[in-house]
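Below is one structure, written out as structure tokens; comments come after it.
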Amino acid sequence: MRRLLGRRTARRDDGAFVIEGPLLLGEAVAAGVPIEVVFVEAGASVPDSGGAPVHEVAPGVIARVASTVTPQPVLAVAAGCDVALDAVAGAVSFAVVLAGLADPGNVGTILRSAEAAGADAVVLTEGSVDVFNPKVVRASAGALFRVPVVVDVPVASVADLGLPVLGAVAAGGVPYDQAPLDRPCALALGSEAHGLPANLALDGVVSIPHAGRAESLNVAMAATVLCFEVARRRRHRSATP
């Protein structure tokens, strides 16, 4: 359990990750994520494990293993729930591409916003943070279990989605309320430090105009604004006779 929480290589080699807390475990079970085993601290309520074996552990054991200062009394090991690029290529009309994002909190928040806005898939390119990092899992608030997520995609393979790729840039792009977000597209966001990869083929760029002296918005906040603009355009298009 400690290896899975702390090492990306362990999660990759085992094809498994850790879910912390009964609420997230419930979200995973409801979404059909395969649960391998559940550990519950003595005295805590036993959650629905989706049929996986449940083991009670002595007080203090979970606190020594968990990745948070105030740990939840439930830890579960789940099978990795990412999907292959082939599973979504040519079959989606709105994807969010995260190109080299390294901050787990931002990635988890973007997963949550993308799922809430109705994105069909989230794609992480090579060099991005591990989507099964415990901070990403917590910040996604269950969205990781509900939206198809593709990981470790070479930048050049983003084109295989079969969608026009619109890159989000801090300035100089088409204002987001004028960009063609009502059409099928892949919305690409790069890291705050380095921006979008130079070898990512773009069909256009989009910006969020803003006042003040800040150079740009936080990438998760920018993704949220753009995702919900896509959702708004989709609703408007479906409501138009």
Return the residues of segment 183-218 that are within 14 Å of T125 (Cβ to Cβ) and either aliphatic (A, V, I, L, M) or not in a loop (DSSP other than H, G, I, E, B) (or both); say none if nothing qualifies.
A186, L187, A188, L189, G190, S191, G195, L196, A198, L200, A201, L202
Note on segment 94-127: residues hydroxyl-bearing (S, T, Y) and over 11 Å from the mean Cα position of the chain (by Cα) are T125
Could you tell me how many of the residues in segment 95-123 are assigned to a helix (DSSP H, G or I), of a type in the set (A, V, I, L, M) and more than 21 Å from A79 (Cα to Cα)?
3
Within segment 195-224, count every residue that is within 16 Å of A171 (Cβ to Cβ) and either surrounded by fewer than 15 Cβ atoms within 10 Å (Cβ to Cβ) or not assigned by TED's automatic domain parsing to the domain that holds A117 (or both).
9
Do the conditions hold for E229, that is, is it of a type outside the set (A, V, I, L, M, F, W, C) and assigned to a helix (DSSP H, G or I)?
yes
Being in contact with a Gly (Cβ under 7 Å, 6 or more places away or on another chain) and assigned to a helix (DSSP H, G or I), is that true of even one residue in segment 124-135?
yes
Only one of V18, V96, V38 is aliphatic (A, V, I, L, M) and assigned by TED's automatic domain parsing to the domain that holds G118, namely V96
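The values are calculated or read from the model by the stated rules, or taken from the named source; none is laboratory data. Here the structure is a predicted model, which is why all the values come from computation and not from measurement. Note: ideal-geometry Cβ built from the backbone for every residue, glycine included; neighbour counts use all protein chains shown.
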